[in-house]
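Take a look at the structure set out below.
Values in this text are rule-based calculations from the coordinates and carry no lab data. None of these values were measured; they are calculated from a predicted model. Please note: Cβ atoms are built from the backbone with ideal geometry, for glycine as well, and neighbour counts cover all protein chains shown.
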Amino acid sequence: MTQAITSTRFRDNTRRALEDAQLQKALTRAEVGFIGRRAGAVAKLPEYDALRDESRDIKDHALAHLDLYLERYEERVTESGGQVHWAATPEEARAAVLEICKRLKAKTVTKGKSMIGEEIGINDFLEENGITPIETDLGEYIIQLRREAPSHIIAPAVHLTKEQIEADFRRVHTKLSAGRNLDEPTALLAEARAILREKFFAADVGITGANFLVAETGSSVLVTNEGNGDLTQTLPKALIVLASIEKVVPTLEDATTLLRVLGRTATGAEMAAYTTFATGPRRPEDPDGPGEYHVVILDNGRSSMLGGALREMLRCIRCGACMNHCPVYQAVGGHAYGWVYAGPMGAVLDPVFVGIENAKHLPNASTFCGRCEEVCPVRIPLPKLMRHWREREFERHLSPAPVRWGLGIWAAFAKRPRLYRFATGIAVGALSLLGWRGRFRFLPLARGWTKFRDFPAPEGSTFQAQWQREQRRRKHEGKP
Amino acid sequence: MSSRDLVLGSIRRSLGVNGREAPRKTTVEDRIVRHPRGLIPARAQKPPTERMKVFKDQVEGISGTVQQLGSADEVPAAVSAYLRSKNLPMRVRRGDDARLQQIPWDSEKTLEVSTGRSDGKQLAAVSYAFGGAAESGTLVLLSGPDNPTTLNFLPDHHLVIIDAKDVAGDYETVWDRLRKKFGEGKMPRAVNWITGPSRSGDIEQKTLLGAHGPRSLHVLIVGKP
């Protein structure tokens, strides 16, 4: 029911991605853009790293008291005339949304970008029930025309080139003149703006996500640059905010500290164009705003994560920096990951939601270079959490047989230091003799490597042997 | 068992708590009542004259424009001049803000000023900001009849007046003013932080202005800090 899982075909997905010239062009552009802009914004704020520590601590504090802050948040929402709908599962979240839409006899629904919406597959579900969902974020609108899923959590159409978007607009916007000039990105933007303007006014219900929920005031916080989120939450009869339990923070000050970090890490902006704190429905004296205000709070396994090894992942504020800086994501893009969340954060999260047996490749799609952890605004130890999944895979015999056997053989040696030293000494000696000009163009058991590049032949002795020699030398010379 | 109880129960099992522990409740209550500030960047703590420069530089850095006026009486002429410079019809829409009502709009004979929300047909709107934060050039606007939210997002051109004294260094100062006005824990329906005109980077990562909201944002700072 939720988005189809193709994570099981990760290997094929990556091969196709690597051969896709358009995608590679788009990914190269994204990599340079995202990394450069974030670095620029960080350099301009000397307090940035200290703010990251505070952001981590705020989220840790909120998670440690999550039950109480959620109760407090709900109280405040109710006081302001809004309604909280609790959903343990995606099914319950979808049912809550549909119930509201049906009661209001909604025909069309405008949508601000929401990853929870992707997680629960709300668009397909609404369509099956005769309600038309219209994505209004430019990137989301484009991929909806293509019937694709977002390939990035904050830049959903980052995998596309301008030419591809132009072709889609010409294919779908058939009422417009075929001879119109769409060479410039501004022309594409203007066309989407004009078409979506009408949709905003016609929509019965608006659905958005939330970046934070504030327990102090019962507000949902939405950060956007285009203004589509605000038209979505202002114009329709009812607003439905899709959020998950870990979005709640204690106070406006806490949300503010996190906002200081969010724009910079996500897009390199000091602050996004629009940050809106929405609290309840239209007040009696208000000339505008939605008549109803609903928040659907989704659990979907997060409450269990809170008690386990993946708890730190719940600090995530969905900025996308880990994927922007990941060499694997940069090479294959988001679709290859095969489910809603991509990159390092997806490699940790997707197995929670779809089962490790369906997403077993993702935690392995990492070189453990550590850049994701280095840039994470809330300091999530992503490599450690991916390693957690690799260990579960090994335990559950989900790793491929050669890997398990190889590790078993290695472990048998590693547990016997003398035998290990002896065997590695022989192996290194033999390999250095057999290598041709210091390289192997072909090596049994390592064909996955040598098929694409040479394997360097070892030079000299093993690390352990060198270490021991060095220790002896230092002892001899009387150095510590 | 309701979904609510199911979710809260599962959270409590994971945390190893029952939700009735007095120290935890006190911690939460205390944090909400005291709402302690986090680290405020040095950039947000400058004296008034420098603060105004930071504010201006930040607004201009994100493609907004800024004009300083001696008093609110100069607003109508500034609005007219702006509309002329953009080749726009001499019409603006505004809300019922008392400060907007006091402005001598009649001083500009050709300027047509209407009040109320936007239905999408207005090209230019004038709002009065509740406050601003210099550190990012952010304007803070509140929903309600004084300054309808639709005026912030539907017209192509958004002109925002702000009293110089209301430009704070940081966002936290604005929150405290808001608490004074509405009471602790209370908010108007919408608090809009506006930082520059509407923009999108969704096509090949190029920043384009005027995605769904205003294509341009013009800030009129009134008086001295």
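Of note:
- In terms of other Cβ atoms within 10 Å, A:K384, A:K199 run from fewest to most in the order A:K384, A:K199.
- Computed over the alpha-carbon atoms, region A:1-129 gives an Rg to Rh ratio of 1.07, Rh here being the Kirkwood radius from the mean inverse distance.
- Charging the Cβ of each Asp and Glu at -1 and of each Lys and Arg at +1, and nothing else, the dipole of region B:1-103 about its Cα centre rounds to 360 debye.
- Shielding of peptide A:227-236 by partners, expressed as the average count of other chain Cβ atoms within 10 Å per residue Cβ, is 6.
- Computed about the Cα centre, the dipole magnitude for region B:113-194 is approximately 320 debye when only Lys and Arg (+1) and Asp and Glu (-1) carry charge, each at its Cβ.
- Protection proxy ranking, peptides A:272-280, B:105-113, B:160-168, average beta carbon neighbours within 10 Å, highest first: A:272-280, B:160-168, B:105-113
- Intensity falloff of region A:152-271 expressed as log10 I(q)/I(0), Debye formula with alpha-carbon point scatterers, at q = 0.09, 0.17 Å⁻¹: -0.36, -1.03
- Taking the average, over residues, of other Cβ atoms within 10 Å as the packing measure, peptides B:86-94, A:351-359, B:22-30 rank A:351-359, B:86-94, B:22-30 from highest down.
- Relative contact order (%) - region B:133-225, alpha-carbon pairs under 8 angstrom, separation at least six: 43 percent
- Gyration tensor (alpha-carbon) shape descriptor, region B:54-133, a/c threshold 1.5: rounded
- Order by protection proxy (mean Cβ within 10 Å, highest first), peptides A:261-270, B:128-137: B:128-137, A:261-270
- Shielding score for A:198-209, defined as the mean number of other chain Cβ atoms within 10 Å: 1
- Here each label is just a point 7 Å from Cα along the line to Cβ, and for B:L123 and A:R392 those points are 5.8 nm apart.
- Debye, to nearest 20: dipole size of chain B, +1 on Lys, Arg Cβ, -1 on Asp, Glu Cβ: 640 debye
- Between B:V54, B:V174, B:V191, the residue with the greatest mean-square fluctuation in the GNM of chain B (Cα pairs under 10 Å linked by springs) is B:V191.
- For region A:57-107, the calculated P(r), taken from all Cα-Cα distances in 5 Å bins from zero up to the bin holding the longest distance, is 4, 17, 16, 18, 23, 11, 6, 4, 1 percent.
- Semi-axes of the equivalent ellipsoid of the protein assembly as shown are 49, 28, 27 Å, computed as sqrt(5λ) over the eigenvalues of the C-alpha gyration tensor in descending order.
- Ranking of A:T217, A:T251, A:T6 by count of other Cβ atoms within 10 Å, fewest first: A:T6, A:T251, A:T217
- Annotation for region A:393-480: chymotrypsin sites (Phe, Trp or Tyr not before Pro) lying in DSSP loop with at most 13 further Cβ atoms inside 10 Å of their Cβ are A:F442, A:F452.
- For chain B, radius of gyration divided by Kirkwood radius, i.e. Rg to Rh on alpha-carbons: 1.08
- Long-range amide H partners of B:Y128 with built H, under 5 Å: B:I161
- Alpha carbon centroid spacing (whole Å) that separates region A:452-480 from region B:136-173: 66 Å
- Hull-based mean projected area of region A:404-480, where the convex hull spans the alpha carbons, in square nanometres: 7.0 nm²
- Relative contact order of chain A, taken over Cα pairs closer than 8 Å and 6 or more residues apart, is 20 percent.
- Dipole of the protein assembly as shown, positive direction: furthest Cα of A:G429, A:I142, B:V126, with charges on the beta-carbon: A:G429
- Most positive-pole-ward Cα, B:H212, A:A194, A:T367, against dipole of the protein assembly as shown from beta carbon charges: A:T367
- Considering only alpha-carbon pairs that sit under 8 angstrom and 6 or more positions apart, the relative contact order computed for chain B is 23 percent.
- Backbone amide hydrogens, once placed in the peptide plane, bring B:R91 within less than 5 Å of B:E112, excluding anything fewer than 5 places away on its chain.
- Axis angle, to the nearest 10 degrees, between helix B:171-182 and the longest C-alpha principal axis of chain B: 90 degrees.
- Stretchable slack from A:R9 to A:E470, in nm (0.36 nm times residue separation minus alpha-carbon distance): 161.2 nm
- Among B:M187, A:M323, B:M1, A:M386, a tally of other beta-carbon atoms within 10 Å of each Cβ gives an order, fewest to most, of B:M1, A:M386, B:M187, A:M323.
- Close Lys pairs in chain B, defined as Cα atoms under 19 Å apart and 8 or more places apart or on different chains, number 12.
- Taking a sphere under 11 Å around the Cβ of B:L217 and counting the other residues whose Cβ falls inside, with K and R at +1 and D and E at -1, yields a net charge of 0.
- Database note for chain A: Cys without another Cys beta carbon under 4.7 angstrom, A:C101, A:C316, A:C319, A:C326, A:C369, A:C376.
- For A:67-76, mean number of other protein chain Cβ atoms within 10 Å: 5
- For chain B, the residue among B:L178, B:T27, B:V113 whose Cα projects farthest onto the positive side of the dipole built from Cβ charges is B:T27.
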